[in-house]
Ligand SMILES: Cc1cc2nc3c(=O)[nH]c(=O)nc-3n(C[C@H](O)[C@H](O)[C@H](O)COP(=O)(O)OP(=O)(O)OC[C@H]3O[C@@H](n4cnc5c(N)ncnc54)[C@H](O)[C@@H]3O)c2cc1C
């Protein structure tokens, strides 16, 4: 790990994939940078499956997120190459989404309409065609959608690579402003620019509505190549996925639970994941269950990340919800551009930290009392 600079230009608060990627990009762009985190790499980034899936993460009404995710997908090859594509297990073999029963198929068909409307490159497949691409799928599945553009990487390996490339002070921040951080031990650290990338904990540090969304996930281990492709499934209305690594590990996830800062793994959570993944891929029942885990996704009320400079002068990089692994490289490039006064590579206006800071109740008495909604937050 490089030495901690005596006078950093930039302090990044938070050493998950977002903070580490931003710090590394800033370093590569010539800034003296340091990351503050008491436990770098142990947050959501340690839990994540590593799907880089702009297409299979596309939802109605979220075109602006889709555009960001597509730009992120394009930034991934260079990001992976710079670390060593094999070192981070970056693989570009596409992704299959499969429907378990007729209702699940209707849901996939509906998503297919969205893909068509957005001009996304997907192939709609019949049951047999799905099984040709992924022979481990259950014979009864009703059909699916293959996306050649959706890829994968191993987030734990990415974080391990990044941890060796940026200097870290292993302490938390208790107060932040544009150019100053108060650390947990009372030290005051000065710099030219503070970047906050504290994941699900950002709301505790700054006044933005970021909340933790818990995801339980399990890891199986079997023969290399047992599962050929990352598979997402809709099984009786629930979603589940299985992502194979090159060493035979298969990551199965993930629950979505709103219950604060709770990272317990529960019997019910693991049961749901196993029930659904074994319905979809029955052949996985014979292999080893090697790990259970839970992480906290950082979520904003509108599901979009917060990337931009706030009115407080702080650069925000948080709220990446389900797609923080996918969007790490584009966020990093955007953060570095913001810090260095360059035009970001993507339109960041939908992701502004200021979008939540509108007042719901008018404080102007002349505005009347019957309907006091003066502005509505996005
Ligand atoms: C089960 C699960 C599966 C997922 N799968 C995928 C996937 O397949 N693809 C994908 O793109 N995304 C996925 N995600 C989402 C992705 O993991 C997150 O969006 C991403 O990891 C967020 O990164 P982050 O750096 O913002 O947060 P984190 O990784 O949580 O890092 C935040 C860091 O901030 C530090 N911190 C907190 N407070 C302070 C403080 N006061 N001072 C200093 N440091 C502080 C913490 O210690 C932590 O290290 C998944 C998430 C989960 C939970």
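Here the ratio of the Cα radius of gyration of the chain to 2.2 N^0.38 Å is 1.02. Taking the fewest neighbouring Cβ atoms within 10 Å as the starting point, the ordered list for 356, 79, 351 is 356, 79, 351.
Helix 324-339 axis versus longest C-alpha principal axis of the chain: approximately 20°, rounded to the nearest ten.
Per-residue ellipticity at 222 nm computed for the chain from its helices equals -8500 deg cm²/dmol, with DSSP H segments shorter than 4 residues left out and the rest contributing -39,500 (n - 2.57). The GNM of the chain, with springs linking C-alpha atoms under 10 angstrom apart, assigns the highest mean-square fluctuation among 309, 327, 132 to 132. Averaged over residues, the count of other Cβ atoms within 10 Å places the peptides 298-305, 15-22 in the sequence 15-22, 298-305, highest first. If R0 is taken as 30 Å, the Cβ-Cβ distance between residue 109 and residue 132 corresponds to a FRET efficiency of 0.90.
Residue exposure proxy: 331, 202, ordered by other Cβ atoms within 10 angstrom of their Cβ from fewest to most, comes out as 202, 331.
With contacts taken as Cα pairs under 8 Å at a separation of at least 6 residues, the chain carries a relative contact order of 22 percent.
Taking the longest Cα principal axis of the chain as reference, the axis of helix 17-28 is set at about 60 degrees.
Is the shape of the stretch 1-121 rounded, prolate or oblate, going by the alpha carbon gyration tensor and its root eigenvalues a ≥ b ≥ c, with a/c under 1.5 for rounded and a/b larger than b/c for prolate? The shape class here is prolate. Subtracting the Cα-Cα distance of residue 263 and residue 178 from 0.36 nm times their residue separation leaves 27.5 nm of extension gain. Remark: spin-label model distance residue 93-residue 117 equals 3.3 nm, labels positioned 7 Å along the Cα→Cβ axis. A protection proxy built from the mean count of other Cβ atoms within 10 Å ranks the segments 275-281, 228-234, most packed first, as 228-234, 275-281. Once the chain from residue 102 to residue 286 is taken as fully extended at 0.36 nm per residue, the excess over their C-alpha distance is 63.5 nm. When both the stretch 136-152 and the stretch 229-258 are represented by their alpha-carbon centers, they are found 12 Å apart. The angle between the Cα long axis of helix 102-117 and the main principal axis of the chain comes to about 50°, on a 0 to 90 degree scale. Largest mean-square fluctuation among 23, 106, 198, in a Gaussian network model of the chain whose springs join Cα atoms under 10 Å apart, belongs to 106.
Every read-out reported here was derived from the displayed coordinates using simple, explicitly stated rules and does not represent laboratory data. Here the structure is a predicted model, which means the values were calculated and not measured. Don't worry about glycine lacking a Cβ; one is built from the backbone with ideal geometry, like all the others, and counts go over all protein chains shown.
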